[in-house]
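What follows is a set of notes on a single structure, which appears directly below.
The values are calculated or read from the model by the stated rules, or taken from the named source; none is laboratory data. All figures in this text were calculated on a predicted structure; none of them were measured in a lab. Because the Cβ atoms are built from the backbone with ideal geometry, glycine has one as well, and the counts that use them run over all protein chains shown. SASA here: full protein model, heavy atoms, side chains in, ligands and nucleic acids out. Shrake-Rupley method; radii C 1.70, N 1.55, O 1.52, S 1.80 Å.
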Amino acid sequence: MRNKISVQLYTLREACAADFPGVLRELASVGYSAVQFAGFHGYDPQLLRSVLEETGLKVSGLHYGGAELLDDPERVIGEAKLFGTPDIVCAGIGPEYRNEEGYRTIKRRFNELAERVSSEGLRISYHNHAFEFETEVDGKDGLSYLIAPEADNLLLAEPDVYWLKKGGREPVEFLSGLEGRVPILHMKDMTDDEERTYAEVGTGIIDFESIVRWGEASGVEWYVVEQDSCKTNPLDCVKTSYKNLVRVMEKIEGNGEEAH
């Protein structure tokens, strides 16, 4: 299972801007199997690909803003092919779309894009925050509407378990019914205090064992560590998250139980 652990590089954005190749090499030495990009900080993507090849790191998807994804699909497709990943992820939508009509528009346009790229072996997923739960569309919250497990809905999900919790949902309960539609899960913990802010995996209140068990039974390909902001060195944070996530996986494997 540990070969499914990746990290969203937004967590390390300042370090990447200063020395992107060095960060990639350090993450490989920690044990991460892959990285997920959220921009290249002015570095040549070809250079970054060469460092990935050197270290053996894979790419577990590329994040783009909704407008960027819809306005410049050819560049996005080219970057996905360059890095050998099938996963193109919308990292969020602007305020202008956070209403009933906006969600309908986004779902339609992302489905059109997903149909277009499917012939190239690519797929489109949506990464949630908590604001999606504030709008109702056809009797569902905005997120459930976008990623509804319907045969004609090509938009897949990249659920962020912290934001699910922040939005008042229990992660595994929300994920139930999305089996086979979640290639990537974002792993982020929540502090056990009044702030309820970001925390390293395994140091807060989210039950990652139940989440990984669901993922293993439901087709998850990548568990991507992310921490939007860190109170200490972000590299130390992702090291802690990696160590604790490995511990969860070893517990599941060591029990000799089937995921459930």
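Considering segment 60-85 alone, what residues qualify as being in a loop (DSSP other than H, G, I, E, B) and out of contact with any helix residue (DSSP H, G or I) (no Cβ under 7 Å at 6 or more places or on another chain)?
GLY65, ASP72, GLY84, THR85 - these are the residues of segment 60-85 that are in a loop (DSSP other than H, G, I, E, B) and out of contact with any helix residue (DSSP H, G or I) (no Cβ under 7 Å at 6 or more places or on another chain).
Is it the case that ILE5 is modelled with pLDDT of 95 or more, in contact with a Leu (Cβ under 7 Å, 6 or more places away or on another chain) and more than 28 Å from LYS107 (Cβ to Cβ)?
So ILE5 passes the test.
Given the options VAL182, VAL224, name the one that is touching a helix residue (DSSP H, G or I) at 6+ places or on another chain (Cβ under 8 Å) and either modelled with pLDDT of 95 or more or in a helix (DSSP H, G or I) (or both).
Criteria check complete, one pass: VAL182.
Results for (1) open to solvent by 20 Å² or more (accessible area, probe 1.4 Å); (2) part of a helix (DSSP H, G or I); (3) touching a residue at least 40 places away in the same chain (Cβ under 8 Å); (4) within 14 Å of PRO234 (Cα to Cα), shown as yes or no for each residue.
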| position | (1), (2), (3), (4) |
| --- | --- |
| LEU24 | no, yes, no, yes |
| GLY39 | yes, no, no, no |
| LEU47 | yes, yes, no, no |
| SER50 | yes, yes, no, no |
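For every residue, the table says whether it meets (1) among the acidic types (Asp, Glu); (2) in contact with a Pro (Cβ under 8 Å, 6 or more places away or on another chain); (3) surrounded by fewer than 19 Cβ atoms within 10 Å (Cβ to Cβ); (4) under 21 Å from ALA91 (Cα atoms).
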residue: MET190; (1), (2), (3), (4): no, no, no, yes
residue: GLU195; (1), (2), (3), (4): yes, no, yes, no
residue: ALA199; (1), (2), (3), (4): no, no, no, yes
residue: SER229; (1), (2), (3), (4): no, no, yes, yes
residue: VAL238; (1), (2), (3), (4): no, no, no, yes
residue: GLU250; (1), (2), (3), (4): yes, no, yes, no
residue: GLY254; (1), (2), (3), (4): no, no, yes, no
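Give the residue that is surrounded by the fewest Cβ atoms within 10 Å (Cβ to Cβ), with candidates limited to residues of segment 209-221 that are in contact (Cβ under 8 Å) with a residue 60 or more places away in the chain and either part of a loop (DSSP other than H, G, I, E, B) or on the phi > 0 side of the Ramachandran plot (or both).
Going through the qualifying residues, I end up with GLU221.
Kindly check whether there is at least one residue in segment 118-126 that is in contact (Cβ under 8 Å) with a residue 60 or more places away in the chain, within 27 Å of GLU209 (Cα to Cα) and surrounded by 19 or more Cβ atoms within 10 Å (Cβ to Cβ).
Within segment 118-126, one or more residues are in contact (Cβ under 8 Å) with a residue 60 or more places away in the chain, within 27 Å of GLU209 (Cα to Cα) and surrounded by 19 or more Cβ atoms within 10 Å (Cβ to Cβ).
Please verify whether ILE206 is open to solvent by 10 Å² or more (accessible area, probe 1.4 Å) and within 19 Å of ALA130 (Cα to Cα), treating the condition exactly as stated.
Yes.
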